[in-house]
């Protein structure tokens, strides 16, 4: 008798769905396609020479090499955690080393937090739209999604308070250069959201993956973590922040972290021990060496490059897009959010764009838990050259104009 796999697969695993973006990237990698699809760093900006020296230096010393290739503690290397604590302090968030857990990218942080805080039927607040990768991690826990509309200033406060009042106690948010919209919350909205979380005893999961890619540099707004004064007590606070080196050093390091109250970290450490034991020791060492050696100069290099690409995309959108199309104007990160006329379906538009004008983007509906957003799209400007950005937006605008006239 053959194995009946559908009967054996657990219910939470059955909730997993293929990523629309991952499938799309296979097509978008064709050299003849101008791709605004992948929300990934520009590989031309990877500090390859620095990593060649760092890894080589680590292996050149026998004692260092043996330490770097050995098992390590589940919490993460103390020196790396201390670097993160010091960096957070520079941003106004006073925490200590016991508030930090190193994870296999921020994605693992999302996964273990989902397993810690969510269960079937529990209300989970997400912005509309929200990061697809987070929703994939959350969906395995079968939560009840409560979508809150987003304005340019941040989430609609009346909807957020209504969700808290009806019992939701966990909210996933991205106040800085959100994936997928590129929006950032105002300082007033940050304070108001934190105040609501305190009033209702709720947890804010703050995704800070893009926070260091602010085009305003030192003028970037304070994080929710830094505004959460109660978090100065290592055992308290309403904010759990997820950070990563994927957008600032290299994704393949798979070095992220969770900053959370100590009772949360204690439980997450046990989950790490039961899962992958700890994150790669050698990559933690490499990330620490790179951060010490390259920051802040490398961050400015990233900002200058991405800012120039953002400017070209926004200017070409202004020059070429027909009436009825609108878009966000991000002050950092990698994304512009496009809103099309209501009668244009972005999934259908993508099929035509790939076939007719060789342009790829991500249809926005994938970022909504309720299936809305059919007339929206995410455009990433991070990996294409400026001349191809201009060409690609011009092609896309021509296609939209033709569809609008049909």
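Each value in this text was obtained by applying a stated rule to the coordinates, not by laboratory testing. This one's a predicted model, so the numbers in the text were calculated from it and none came from an experiment. Neighbour counts are summed over all protein chains in view; Cβ atoms, including those assigned to glycine, are modelled from backbone coordinates with ideal geometry.
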Notebook entry, point to check: Could you work out Rg/(2.2 N^0.38 Å) for the stretch 1-159, with Rg from alpha carbons only?
Noted result: 1.40
Margin query: Which of 278, 343, 298 has the fewest other C-beta atoms within 10 Å, and how do the rest follow up to the most?
Written below: 343, 298, 278
Next item on the list: As a check on your grasp of the helix formula, calculate [θ] at 222 nm for the chain: sum -39500 (n - 2.57) over DSSP H runs of n ≥ 4, divide by the residue count, round to the nearest 500.
Entry: -13000 deg cm²/dmol
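Sort 71, 210, 145 so that the residue with the fewest other Cβ atoms within 10 Å of its own Cβ comes first and the one with the most comes last.
By the 10 Å Cβ count, ascending: 71, 145, 210.
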Item checked: Label-point gap, in nm, between residue 98 and residue 9 - each point 7 angstrom along Cα→Cβ -> 4.3
Next item on the list: Can you check how the C-alpha radius of gyration of the stretch 69-137 compares to 2.2 N^0.38 Å, as a plain ratio?
Entry: 1.37
Checklist line | Cα pair count fraction exceeding 19 Å, expressed as % - the stretch 303-355 | finding: 38
Next item on the list: Quickly work out the residue 86-to-residue 119 label distance, labels modelled 7 Å from Cα along the C-beta direction, and quote it in nm with one decimal.
Entry: 4.2
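Give the Rg/Rh ratio for the chain, taking Rg as the radius of gyration of the Cα atoms and Rh as the Kirkwood radius, to two decimals. Please report the intermediate quantities before stating the final value.
Values: Rg = 21.5 Å, Rh = 22.2 Å.
My calculation of the ratio gives 0.97.
What number, in nm² with one decimal, is the all-direction average of the projected area of the convex hull of the alpha-carbon atoms of the stretch 217-258?
On the way: hull surface 15.2 nm².
Convex hull of Cα atoms, orientation-averaged projection: 3.8 nm².
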Margin query: Could you give the length gained by full extension between residue 293 and residue 276, i.e. 0.36 nm per residue of separation minus their alpha carbon distance, to one decimal place?
Written below: 3.3 nm
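What is the antiparallel percent of DSSP beta bridges lying wholly in the chain, to the nearest 5?
On the way: 21 of 39 bridges.
Counting DSSP beta bridges with both partners in the chain, the antiparallel share is about 55 percent.
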Margin query: Test of understanding: what is the full-extension gain from residue 69 to residue 165, defined as 0.36 nm times their sequence separation minus their Cα-Cα distance?
Written below: 29.6 nm
Next item on the list: Take the alpha carbon atoms of the stretch 70-87, find their center, do the same for the stretch 385-406, and report the distance between the two centers in whole angstrom.
Entry: 47
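Counting other beta carbons within 10 Å of each Cβ, put 344, 187, 34 in order, fewest first.
Numbers: 344 19, 187 13, 34 24.
Sorted ascending by nearby Cβ count, the order is 187, 344, 34.
Please state, rounded to one decimal and in Å, the Kirkwood hydrodynamic radius that the stretch 82-203 gives when every pair of distinct Cα atoms enters the mean of 1/r. Walk me through the numbers before you get to the answer.
On the way: mean 1/r = 0.0649 Å⁻¹.
Averaging 1/r across every pair of different Cα atoms and inverting gives 15.4 Å.
Convex hull over the alpha-carbon atoms of the stretch 71-294: what's its volume per residue in Å³? Intermediate results must be reported in sequence, preceding the final value.
Working: hull volume 24.5 nm³, N = 224.
In the stretch 71-294, the Cα convex hull volume per residue is 109 Å³.
Which whole number in µm²/s is D for the stretch 199-338 by Stokes-Einstein, with the Kirkwood Rh taken over Cα pairs at 37 °C and 0.692 mPa s?
Values: Rh = 17.7 Å.
Translational diffusion coefficient: 185 µm²/s.
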Checklist line | Projected-area average for the stretch 269-406 over all orientations - Cα convex hull basis, square nanometres | finding: 11.9
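Using the beta-carbon distance between residue 195 and residue 232 and R0 = 25 Å, what value does 1/(1 + (r/R0)^6) give for FRET efficiency, to the nearest 0.05? Each step should come with its number before you reach the end.
Working: r = 17 Å, r/R0 = 0.68.
About 0.90, to the nearest 0.05.
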Item checked: Length released on extending from residue 370 to residue 311, taking residue separation times 0.36 nm less the Cα-Cα span -> 18.0 nm
